[in-house]
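Below is one structure, written out as structure tokens, with a few remarks after it.
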Amino acid sequence: MHIHVIFNGHEAKYWLEPQVELAKNTGIPEHKLNEIKTIVEKYADRFKEQFRQHVGKRIDD
């Protein structure tokens, strides 16, 4: 499972499992990547749960 983050027209992809890890960056400055990673780590469990709920709703329709 992963998440995409867009910042000033650039994009980063972070894996959420098995741990938060930068997978790809298309131009976001390093200092911003560190800030973003901190936020992603803080909310990783919430992101994963919301995704599971979203997918579950689609499956049940």
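Points worth noting:
- Selection of the range 6-35 for residues being in contact with a Phe, Trp or Tyr (Cβ under 7 Å, 6 or more places away or on another chain) and in contact (Cβ under 8 Å) with a residue 12 or more places away in the chain yields 16, 20, 22, 23, 28, 32.
- Extreme residue, farthest from residue 51 (Cα to Cα), among residues of the range 1-36 that are in contact with an Asp or Glu (Cβ under 6 Å, 6 or more places away or on another chain) and among the hydrophobic types (A, V, I, L, M, F, W, C): 20
Every residue, every condition in (1) of a type in the set (A, V, I, L, M); (2) touching a His at 6+ places or on another chain (Cβ under 8 Å), yes or no:
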{"residue": "7", "(1), (2)": "no, no"}
{"residue": "15", "(1), (2)": "no, yes"}
{"residue": "44", "(1), (2)": "yes, no"}
{"residue": "51", "(1), (2)": "no, no"}
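- Scope the range 1-33; condition within 10 Å of the chain's Cα centre (by Cα), in a loop (DSSP other than H, G, I, E, B) and surrounded by 13 or more Cβ atoms within 10 Å (Cβ to Cβ); matching residues: 16, 20
- Residue within the range 53-61 that is more than 13 Å from the chain's Cα centre (by Cα), in a loop (DSSP other than H, G, I, E, B) and at pLDDT below 95 present: yes
The values are calculated or read from the model by the stated rules, or taken from the named source; none is laboratory data. Values in this document were obtained by computation on a predicted structure and should not be read as measured data. Methodologically, a virtual Cβ is constructed for each residue, glycine included, from the backbone with ideal geometry; neighbour enumeration extends over all protein chains shown.
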